[in-house]
1. Determine one quarter of the surface area of the Cα convex hull of the chain, which equals its mean projected area, and express it in nm² to one decimal.
2. I'd like to know which of VAL92, VAL1, VAL47 lies farthest towards the positive end of the charge dipole of the chain, counting +1 on Cβ of Lys and Arg and -1 on Cβ of Asp and Glu.
3. Contour minus end-to-end for SER16 and VAL4, with contour as 0.36 nm per residue of separation and end-to-end as the Cα-Cα distance?
4. Expressed in nm to one decimal, what extension gain is obtained for the pair THR74 and TRP104 from 0.36 nm per residue of sequence separation less their Cα-Cα distance?
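What follows draws every value from the coordinates through simple rules; no lab data is involved. All of these numbers come straight from a predicted model, not from anything done at the bench. Please note: Cβ atoms are built from the backbone with ideal geometry, for glycine as well, and neighbour counts cover all protein chains shown.
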Amino acid sequence: VQLVESGGGLVQPGGSLVLACAVSGSRFDNFVVTWYRQAPEKQGELVASISAYEERTNYADSVKGRFTISRDYTKTTVYLQMTSLKSEDTGVYYCNYNDGVSTWGKGTLVTVSS
């Protein structure tokens, strides 16, 4: 299984970004995909997760109401739509795909700054 994250970049506070985690080499079923972020000098944080079945989602309190996680079976991709971005959302965002085996992407940098 390989994961490729994309969509990071520099955005002003209040702006939006959409991160994508493209999954290859997997049947893309019976999985849980989780977005984590690592901010400078802070502990890693679970941002959001989604399961293959029932579309169960989970969000960190710090992003509830601002971030939305979704998956596209045709593109075998999981998205993280981020709105109303704040400076504290800055960090490297990593995608984790778990279908019994945990696989990590290399991360994509999000910088929220004016």
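1. Value for the chain: 6.6 nm².
2. Going by the charge dipole, the pick is VAL92.
3. Numbers: separation 12, 0.36 × 12 = 4.32 nm, distance 2.01 nm.
Roughly 2.3 nm would be gained on extension.
4. Values: separation 30, 0.36 × 30 = 10.80 nm, distance 2.10 nm.
Separation in residues times 0.36 nm, less the Cα-Cα distance, equals 8.7 nm.
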